[in-house]
1. Only one residue in B:Ile198, B:Ile185, B:Ile216 is of a type in the set (A, V, I, L, M) and in contact with a Ser or Thr (Cβ under 9 Å, 6 or more places away or on another chain). Which one?
2. Before we move on, is B:Leu72 touching a Lys or Arg at 6+ places or on another chain (Cβ under 7 Å) and hydrophobic (A, V, I, L, M, F, W, C)?
3. Where in segment B:1-95 are there helices (runs of 4 or more DSSP H), lying wholly inside it, with at least 3 residues that are of a type in the set (A, V, I, L, M)?
4. Among the candidates B:Ile220, B:Ile239, B:Ile193, B:Ile198, single out the residue that is more than 27 Å from B:Thr17 (Cβ to Cβ), at pLDDT 95 or above and in contact with a helix residue (DSSP H, G or I) (Cβ under 9 Å, 6 or more places away or on another chain).
5. I need the helices (runs of 4 or more DSSP H) fully contained in chain A, keeping only those with at least 2 residues that are within 10 Å of the chain's Cα centre (by Cα).
6. When you go through B:Glu244, B:Glu146 one by one, which is the residue that is acidic (Asp, Glu) and within 12 Å of another protein chain (Cβ to nearest Cβ)?
7. Mind listing just one residue for me: the one in segment B:211-223 that is surrounded by 19 or more Cβ atoms within 10 Å (Cβ to Cβ) and not hydroxyl-bearing (Ser, Thr, Tyr) and, of those, farthest from the chain's Cα centre (by Cα)?
8. Scan segment B:163-180 and tell me whether some residue there is over 22 Å from B:Val80 (Cα atoms), of a type in the set (Gly, Ala, Ser) and in contact with a strand residue (DSSP E or B) (Cβ under 7 Å, 6 or more places away or on another chain).
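The values are calculated or read from the model by the stated rules, or taken from the named source; none is laboratory data. Quantities reported herein were computed from a predicted structural model and do not represent experimental measurements. A quick note on method: Cβ atoms are made from the backbone with ideal geometry, for glycine too, and the neighbour counts reach across all protein chains shown.
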Amino acid sequence: MTRGEIQSRILEIFKEEFEIENPGLDDDLRDKHEFDSIDALDLLSRIEDLLGSSLTQDEKKQAMNIRTIHHIIDYVELMAAKRS
Amino acid sequence: MRACFSHMKPVADVIITLMIWTYYFLSYLLLFWVWYAGAFLFSSNRETAFQRINHCYYRAFFSFVRAIVPGLAFNIDKDVLSIRSSVIVCNHLSYLDPILLISLFERHKTIVKNVFFKVPIFGWILRTAGYLPAIASEGLVSLMMERMNGLRGYLASDGNLFVFPEGTRSRDGSLGRFNEGAFKIAKRCDAPIQVLSIKNTDRLFPPDSFLFNTCIDNTIEVKLIGTIGPDYQGKDVSISEVKEKARSLLNNSLTS
């Protein structure tokens, strides 16, 4: 999966799941879009679907401090690389 | 309130406040800590046991308050008492609101500011009773994940989660902006949302005051304003619309 593909999938998830359309890639999601811990947990489930495998508890904890779409893409890339 | 003459009210406020806080702490130190310790050591389900003890503790507390505060009455809608398996959203006027709701629901959870989880003993009670931290921040990430994962099952088995979506107490009685957390949880767990209104707790224990306001005619009311049970899986369901609907129901009730 390329970075561009990850980005477009993540933006699609944000639109469908969190009612957030076209967020800036460096927007602070918490401050600007009310993206909270509950959303983060739901996003992790969707990332698991994207990766086709479960995330460990430590990997999930690592994700809870993510603040921007760029960080999410970095995170998905890292998790995908770990699994390949 | 003619039972208390106006010149005696300041003295009554101080004396009754001292009695209430004395009862609050002494009943814990002399009685309830034994229950908590017993439940922790011997209960097969600590979470439910701690919720039940909290419920009894605050029920006893409000019975005591009602008995000693002249002019105070409670009017609790009977529909409120029968709520089960729901996410309850409510306006927030006073520090008394969360403990009043605990006194009404034996099986309950709520969302608590992170800082309280760090308070000795109190934090331990909050954790053991299964309450949720407000934010999955450093130190509480695992707890938040564990709580969220268990919430659907908890709600399905007659438990209630109550939340004050304004996030803070109203200083003038008006309804503030709602956060979306409670509504997201309801959607995540496929649970109905019950909208409650609380009135007059701020008259009994005003924000920014240490003293209870006694010797006035005051009826604390808790009413069920409405139920929202949308088809959360439907494509057209918007969390922000559900949130605004709940806010509108509550606002209409408070201003009518």
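1. B:Ile198
2. yes
3. B:9-27, B:33-42, B:46-68
4. B:Ile193 is the lone residue from the list that is more than 27 Å from B:Thr17 (Cβ to Cβ), at pLDDT 95 or above and in contact with a helix residue (DSSP H, G or I) (Cβ under 9 Å, 6 or more places away or on another chain).
5. Per the criteria, A:3-18, A:37-51, A:69-83.
6. The unique qualifying residue is B:Glu146.
7. For segment B:211-223, the residue satisfying everything is B:Cys215.
8. no
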